[in-house]
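Shown next, in structure tokens, is the structure this report addresses.
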Amino acid sequence: MWFIRDGCGIVCGVITWFLVFYAEFVVVFVMLLPAKNVAYSLFNGVIFNGLAFLALASHAKAMCTDPGAVPKGNATKEFIESLQLKPGQVVYKCPKCCSIKPDRAHHCSVCKRCIKKMDHHCPWVNNCVGENNQKYFVLFTMYIALISFHALILVAFHFVFCIEEDWTKCSNFSPPATVILLILLCFEGLLFLIFTAVMFGTQVHSICTDETGIEQLKKEERRWAKKSKWMNMKVVFGHPFSIAWLSPFATPDHGKADLYQYIV
């Protein structure tokens, strides 16, 4: 199993799970269970818990999936000779991990490996976002944004309900504790909604333009074939389009999309 032993990343990953479980606690035990409307509680409980489960599953997949690491130390004379390079063909060697560096690969100082189509290293998933796990990272940001938005709506409805009714009847906790828990959830939801929504939009734009974050930052010259936006999405999420695009348990088939010729 792929796992980066980075102290900062591990702490950030644990914090991420803790914050999701905190939101679960407040939504279920402070807002939904005390509600008098069973249908309201059941409907919102199923949606919130379902999205939270998908968010955590996406986080786990993004964290424990090899992002596209190049084999370490393969830049040997014997291996280069086995490639049967054409006359004048050049290969690049990474001086840090002693590996043959493919096109569009970059070295990550945290993972200590060259990563194919590396977008960036994200401490929140304790991993690089690269060729093999970008789908899971995009799903993680999308589902976190959705549960954050859902939590904010529930908090707004609960505040209205508590103001109109008796505060002692709208929660199993004391009014001061209820207010503090709701304010903390509101702050967390707003912060993560903005952060993950922006990150989700950035990732989708990066996929559609077929240009990683590092390539955009370094303004690298484009040396790869240009594809349509829709086909770029299929390269990351799998070919053909299906409901599996939304599932963190479905491994995308990157290879099939490369068989097609695309029109911009």
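The values are calculated or read from the model by the stated rules, or taken from the named source; none is laboratory data. Only a predicted model underlies this, so the values are computations on that prediction, with no experimental measurement involved. In this analysis, Cβ positions are derived from the backbone assuming ideal geometry, glycine residues included, and neighbour counts consider all displayed protein chains. These area figures cover heavy atoms from the full protein model, side chains too; ligands, DNA and RNA do not enter into them. Shrake-Rupley method; radii C 1.70, N 1.55, O 1.52, S 1.80 Å.
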> So which of K36/K61; K116/K219; K116/K229; K112/K135 end up more than 27 Å apart by C-alpha?
Replying inline: K36/K61
> Can you give the relative contact order of the chain as a percent, counting alpha carbon pairs under 8 Å and 6+ residues apart?
Replying inline: 21
> What 222 nm value per residue comes from the helices of the chain, counting each DSSP H run with n ≥ 4 as -39,500 (n - 2.57) and dividing by all residues, nearest 500 deg cm²/dmol?
Replying inline: -17500 deg cm²/dmol
> Is any residue of region 10-28 close enough, with backbone N under 15 Å, to a label point placed 7 angstrom from the Cα of F195 along the Cα-Cβ axis, and if so, which?
Replying inline: 10-23
>> Please compute the modelled spin-label separation between A156 and W224, points set 7 Å along Cα→Cβ, answer in nm with one decimal.
In response: 4.0
>> With equal scatterers on the alpha carbons only and no solvent term, can you work out the Debye log10 of I(q)/I(0) for the chain at 0.07, 0.10, 0.16 1/Å?
In response: -0.33, -0.61, -1.19
> How far, in degrees from 0 to 90, does helix 7-25 lean away from the longest principal axis of the Cα atoms of the chain, to the nearest 10?
Replying inline: 30
> Using a simple spin-label model with points 7 Å from Cα along the Cα→Cβ vector, what separation in nm is obtained for S174 and F29?
Replying inline: 1.7
>> I need the GluC sites (Glu not before Pro) found in region 139-231, filtered to DSSP loop residues with at most 15 other beta carbons within 10 Å of theirs.
In response: E165, E220, E221
>> Quick check: Cα centre of region 1-57 to Cα centre of region 167-196, how many Å?
In response: 14
>> Need the C-alpha centroid separation for region 213-233 versus region 108-159, integer Å.
In response: 21
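What is the ratio of the Cα radius of gyration of region 51-126 to 2.2 N^0.38 Å, where N is its residue count, to two decimals?
Details: Rg = 15.8 Å, N = 76, 2.2 N^0.38 = 11.4 Å.
Against the compact-globule rule of thumb, the ratio is 1.39.
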>> Checking the a/c ratio against 1.5 first, then a/b against b/c, what shape does the Cα gyration tensor give for region 171-258?
In response: oblate
> Given a 1.4 Å probe, how much area per residue of the chain is accessible, in Å²?
Replying inline: 55
> Where does helix 38-64 land angle-wise versus the long Cα axis of the chain, in degrees 0 to 90, nearest 10?
Replying inline: 30
> For the chain, what % of the accessible area comes from carbon and sulfur atoms, probe 1.4 Å?
Replying inline: 68
> Among K234, K116, K169, which one shows the biggest mean-square fluctuation in a GNM of the chain, springs joining Cα atoms closer than 10 Å?
Replying inline: K169
> How far, in nm, would the chain grow between K112 and F249 when pulled straight, counting 0.36 nm per residue and subtracting the alpha carbon separation?
Replying inline: 46.6 nm
>> Projecting each Cα onto the charge dipole of region 212-256 (Lys/Arg +1, Asp/Glu -1 at the beta carbon, about the Cα centre), which of G213, L246, A225 comes out farthest on the positive side?
In response: A225
> What angle do you read, to the nearest 10 degrees and between 0 and 90, between the alpha-carbon axis of helix 134-164 and the longest principal axis of the chain?
Replying inline: 10
>> List the trypsin sites (Lys or Arg not before Pro) within region 34-112 that DSSP assigns to loop and that have no more than 16 neighbouring Cβ atoms inside 10 Å.
In response: K36, K72, K96, K112
